[in-house]
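What follows draws every value from the coordinates through simple rules; no lab data is involved. For clarity, every value in this text was computed on a predicted model and none was experimentally measured. Don't worry about glycine lacking a Cβ; one is built from the backbone with ideal geometry, like all the others, and counts go over all protein chains shown.
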Amino acid sequence: MPFRFKRLGIPDLILIEPQVFADERGFFMESYKHSDFKKMGIEELFLQDNHSYSKRGVIRGLHYQNPPKSQGKLVRVIAGEIFDVAVDIRKGSPTYGKWEAVILSSDNKKMLYIPAGFAHGFCTLSEFAEVIYKCTTEYAPEYEAGIAWNDPDINIDWPIKDPILSKKDSLLPPLKNADNRFVYDNPDI
């Protein structure tokens, strides 16, 4: 299998390390293979790919789409390095309000699978970063929502204290006031 899958402290989050074949010419790797992912419990089909470019110190997030247009994401970095964060926002979950973070970079080539029911965000650690991510549902602005990057109840230990934010992200509410329609036992998420 060309991938190693590791469940994180919040077991629905999966860190994926691809097998990289490198030589004097460069490298080759598979970045996604449905049959291998399905064997590890990631059965969704990805319907949209996104690509972002961010400068050092930018925080994007924490974003999600509410049901019935909720999105699972497969995140990877093709240039630079990020501190990637997922927050469990599924009401009734044993890990509700808890977060996990991993370093994703073009050097380590690791990927993070984030299922629906999690808010996602990242901070750019390098001079710049290019992030690509696959989504299980297409973008639906009427279901778009988010929570504040610095919500004191979540208390993410970001590697930066004064980030560069979009106006939209700077206005996001804390989780307790967010438009959050996720329920842990809901089969539709």
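Here are a few things to note about the model shown:
- Segment residue 171-residue 7, length gained on full extension (0.36 nm per residue, minus Cα span): 55.8 nm
- Neighbour-count order for 53, 143, 133, fewest beta carbons within 10 angstrom listed first: 53, 143, 133
- Förster-model FRET efficiency, 45 Å R0, residue 91 and residue 20, C-beta, rounded to 0.05: 0.70
- Where Cα atoms sit under 24 Å apart: lysine pairs in segment 96-189 separated by 8 or more or lying on different chains: 11
- Student exercise, the chain dipole from Lys, Arg, Asp, Glu Cβ charges, in Debye to nearest 20: 100
- 222 nm mean residue ellipticity, helices alone, for the chain (DSSP H n ≥ 4; -39,500 (n - 2.57); rounded to 500): -1000 deg cm²/dmol
- Kirkwood hydrodynamic radius of segment 1-62, from the reciprocal of the average inverse Cα-Cα distance over all distinct pairs: 14.4 Å.
- Debye log10 I(q)/I(0) for segment 116-189, one point scatterer per Cα, at q = 0.11, 0.28 Å⁻¹: -0.35, -1.51
- Rg in Å to one decimal, and Dmax rounded to a whole Å, for the chain via C-alpha atoms: 16.0, 53
- Ordered by the number of other Cβ atoms lying within 10 Å of each residue's own Cβ, fewest first, 185, 36, 169 fall into the sequence 185, 36, 169.
- Residues 128, 83, sorted so that the one with the fewest Cβ neighbours within 10 Å comes first: 128, 83
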